[in-house]
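Here is the structure we will look at, set down as structure tokens.
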Amino acid sequence: MKKEQLVDQLLTYFCQEAEQSFSLFISQNYREKRKLLRGIVNIRPPYPLDENILKLEDELLQLELKEKKITVIDEIPCIEDQFHVLSVWRGDITTLQVDAIVNAGNTSLLGCFIPNHSCIDNAIHTYAGIRLRLSCNEMMNGKEEKVGQAKITGAYNLPSQYVIHTVGPMIGGHVTKEDKDKLRSCYYSCLELAQKKQIRTIAFPSISTGVFHFPKALAAEIAVATVCEFLKDNPGTLDRVIFDVFTEEDQEIYERIFRNKKINL
Ligand code: ADP
């Protein structure tokens, strides 16, 4: 089936499921329809869903994936540091093909419910597909995830194999020692889980530095220090750890950190 037909069928299904309330917003334009579908999927609670509908969504997401530039590990150079496994890479984490990507989620661990929001949680759940929210819901069973811990699921329609979900600290005023410890714990917990699952390649976003307002430079210092600490404690367990920087500002911050360590990028 073509993308246009898949979007139409999915919209028809979800409009019926929601008793038509969305049908008022359906335009004739494909991009608008696709955006509406994304928004509907974002706000949809993790109710069970007919396998045929899930397969339609898989088909759509796989067609979209084929149109994207997927980056594989061999295309990303390593930093000339003591470990030879670190990389800084700028781009959308949902287009990376590694063993595991890390999601900066919220305590429900069910993904972002704000329609078409620009956070990483929304991107990961959107492109993995509804199966990810259903799987997270089953895993969480109504419980909340503690800040600084990590859990793992499949990645469904993403090019990676797994998603490791963690919840970073949310900064209201100034950064406390507890906030720093919690951020450190996010990175360390993800790496421990990766090790347990025999994951060899992992990509981290800059956890907590978006909607959660952790100062970017301090967060990057903690991220690099924690990953290095883990690699020292557990030599040989990982082939690659990527710091996915996404914004130009983050890229400059990470490059500065490695330059100050006298390490060539
Ligand atoms: P948090 O709630 O932990 O602050 P955000 O999603 O708001 O999470 O931001 C975390 C980091 O993820 C930010 O540095 C943001 O620029 C980055 N980010 C957002 N979308 C993506 C993406 N698609 N791929 C990689 N990083 C992303």
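The values are calculated or read from the model by the stated rules, or taken from the named source; none is laboratory data. Everything numeric here is computed off the predicted structure, so don't read it as measured data. Methodologically, a virtual Cβ is constructed for each residue, glycine included, from the backbone with ideal geometry; neighbour enumeration extends over all protein chains shown. Ligands, DNA and RNA are stripped out before the accessible areas are found, and what is left, the full protein with its side chains, is counted by its heavy atoms. Shrake-Rupley method; radii C 1.70, N 1.55, O 1.52, S 1.80 Å.
Restricting the stretch 22-80 to GluC sites (Glu not before Pro) that sit in a DSSP loop and have at most 16 other Cβ atoms within 10 Å of their own Cβ leaves GLU67.
In this Cβ point-charge picture (+1 for Lys and Arg, -1 for Asp and Glu), the stretch 1-62 has a dipole of about 360 debye about its Cα centre. With the helix formula -39500 (n - 2.57) applied to DSSP H stretches of n ≥ 4, the chain reaches a computed 222 nm mean residue ellipticity of -14000 deg cm²/dmol. Here is the list for the stretch 38-107: trypsin sites (Lys or Arg not before Pro) lying in DSSP coil, each with at most 14 other C-beta atoms within 10 angstrom of its C-beta, are LYS68, LYS69, ARG90.
Split the accessible area of the stretch 150-229 by element, probe 1.4 Å, and carbon with sulfur accounts for 52%.
Take every Cα pair under 8 Å in the stretch 1-124 that's 6+ residues apart, average their separations, divide by the length, and report that relative contact order as a whole percent. Worked out over the stretch 1-124, it gives 26 percent.
Taking packing as the residue-averaged number of other Cβ atoms within 10 angstrom, the listed peptides 144-150, 1-7 run from highest to lowest as 144-150, 1-7. Averaging Cα coordinates gives a centre for the stretch 96-120 and one for the stretch 187-265; these two points are 17 Å apart.
Each pair of Cα atoms in the stretch 103-198 enters the Kirkwood radius, and Stokes-Einstein at 37 °C and 0.692 mPa s then converts it into a translational diffusion coefficient of 238 µm²/s. Report, to one decimal in Å, the Kirkwood hydrodynamic radius for the chain based on all distinct Cα pairs. Hydrodynamic radius (Kirkwood, Cα pairs) of the chain is 19.3 Å. Taking Cα centre as origin and charging only the Cβ of basic (Lys, Arg, +1) and acidic (Asp, Glu, -1) residues, the dipole magnitude of the stretch 90-169 rounds to 40 debye.
Label positions at GLN5 and ASP58, each projected 7 Å from the Cα along the C-beta direction, are separated by 1.9 nm. Think of the stretch 1-142 as having a plus end and a minus end, set by charges on the Cβ of Lys, Arg, Asp and Glu; of SER87, ASN29, SER108, ASN29 sits farthest toward the positive end of this dipole. Using Cβ point charges alone (K and R +1, D and E -1), the dipole size of the chain about the Cα centre works out to roughly 180 debye.
FRET efficiency for the pair GLU248 and VAL211, taken as 1/(1 + (r/R0)^6) with r the Cβ-Cβ distance and R0 = 22 Å, rounds to 0.70. Counting only protein heavy atoms and a 1.4 Å probe, the chain has 49 square angstrom of accessible area per residue.
Run the Debye formula on the Cα coordinates of the stretch 23-142, all scatterers equal and no solvent, and tell me log10 I(q)/I(0) at q = 0.16, 0.18, 0.20 1/Å. Evaluating at q = 0.16, 0.18, 0.20 Å⁻¹ gives log10 I(q)/I(0) of -0.88, -1.06, -1.23. Per the Cα gyration tensor, the stretch 139-254 maps to an equivalent ellipsoid with semi-axes of 21, 18, 15 Å, ordered largest to smallest. Give me the distance between the Cα centres of the stretch 143-164 and the stretch 57-94, rounded to whole Å. Centre-to-centre (Cα) distance: 17 Å.
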